[in-house]
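One structure is given here, and the rest of the page talks about it.
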Amino acid sequence: MIKKTVEKIKNETSSICRLNEPLKKHSTYRIGGPAELMIFPKNKADLIKTIQIINEDKIQLTILGSGSNVLISDKGIKGAVISLKNSLKQVKVDGNQLYAECGAMLGKIVKLAVKNNLIGLENLNGVPGTLGGALIMNAGAWGGEISENLLCVELINSKNELKKIQKNEINFSYRKSSFDKNDILLSAEFKLKEAEKSLINENFLKAQSGRRDTQPLDKRSAGSLFKNPKNNSAGKLIDEAGLKGFVIGDAKISDKHANFFINDGDASSEDMLNLIKKAHSTVKEKFSIDLELEVKLMGFEEYQIKGL
């Protein structure tokens, strides 16, 4: 079935298809087994048609952005994995409105806003990943969230319908949104405000230096691993549980920031998953706090991730 699907995609789009593609090449952790089929659409039209073909052929579909904020199993992912990192990258400004496709990196979007003296996104400077993932998890940093200046989102829903959803139709909260798990985000529009370049640059540089000073940016990680509990800090709790620097195999809790788990060599997905479980259970035992994952686990069996 997969080979027939590949033929259809090649005949009807300009998407690139690869069988048994190693996903560690497409993950910031550099961890992950093969994708049964990995697809790289060239543009939005390619993506829409490719999704239509996959749905018609009833093949399991997984969307992957830049590969940050995910831990992928060494067993890989069944079915089709669509990578958005080489498509849906358009970003443009019209007055005080910014349009961006959901495969665009957040850094590119922030820099364009700053260049045009538009305030509202510069606090996200340095946050890894693509716009699509950032919207789904309502990414934020230094007191700002990406949803704050959002106008609308264009997406493909579970019925394969192309929809434009207004912000008031979406519920956003801390590191959460009400998008359906089967929604595939295509683009978004933001309404920003003009401001003095000096103020925007001050916010931009503060976010940049804050991340550099407190996070292990030179190490292979997926970003913040757990969400911060209300009125608390996941990193502080893991540190106070005595786990900063704790190691399982080549997976390590960062000495610099305890909510960053790093691949300190050639860590397996099992190493990293066991380290996550260790931190989760220790914090729960010591502080009666049930930490919630910010990083998405992909390709694992239910029994492996039970309780997380």
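General remarks:
- 2 or more residues on the phi < 0 side of the Ramachandran plot, touching a residue at least 12 places away in the same chain (Cβ under 8 Å) and open to solvent by less than 20 Å² (accessible area, probe 1.4 Å): qualifying strands (runs of 3 or more DSSP E) within segment 97-175: 97-101, 150-156
- Identity of the residue in segment 235-255, in contact with a Pro (Cβ under 9 Å, 6 or more places away or on another chain) and open to solvent by less than 10 Å² (accessible area, probe 1.4 Å), that ends up nearest to Ala222 (Cα to Cα): Ser254
- Of all the listed residues (Asp74, Asp94), the sole one being more than 18 Å from Ile2 (Cα to Cα), surrounded by 17 or more Cβ atoms within 10 Å (Cβ to Cβ) and modelled with pLDDT of 95 or more is Asp74.
- Test: residue in segment 185-196 that is out of contact with any helix residue (DSSP H, G or I) (no Cβ under 6 Å at 6 or more places or on another chain), among the hydroxyl-bearing types (Ser, Thr, Tyr) and under 16 Å from Glu145 (Cβ atoms): no
- Subset of segment 176-232 (residues that are at pLDDT 85 or above, outside any loop (DSSP other than H, G, I, E, B) and of a type in the set (Phe, Trp, Tyr)): Phe190, Phe226
- Residue match in segment 82-91 (condition: open to solvent by 10 Å² or more (accessible area, probe 1.4 Å) and outside any loop (DSSP other than H, G, I, E, B)): yes
- Filtered by the rule that a residue be open to solvent by 10 Å² or more (accessible area, probe 1.4 Å) and closer than 17 Å to Gly132 by Cβ, segment 46-69 gives Asp46, Ile48, Leu61, Thr62, Ile63, Gly65, Ser66, Ser68, Asn69.
- Test: residue in segment 232-243 that is under 21 Å from Ser73 (Cβ atoms) and either of a type in the set (A, V, I, L, M) or over 21 Å from the mean Cα position of the chain (by Cα) (or both): no
- From Lys227, Lys284, residue being charged (D, E, K, R) and open to solvent by 30 Å² or more (accessible area, probe 1.4 Å): Lys284
The values are calculated or read from the model by the stated rules, or taken from the named source; none is laboratory data. Computed from a prediction, not measured in an experiment: that's the story for all the values here. Don't worry about glycine lacking a Cβ; one is built from the backbone with ideal geometry, like all the others, and counts go over all protein chains shown. For accessibility, only protein heavy atoms count, side chains too; no ligands or nucleic acids. Shrake-Rupley method; radii C 1.70, N 1.55, O 1.52, S 1.80 Å.
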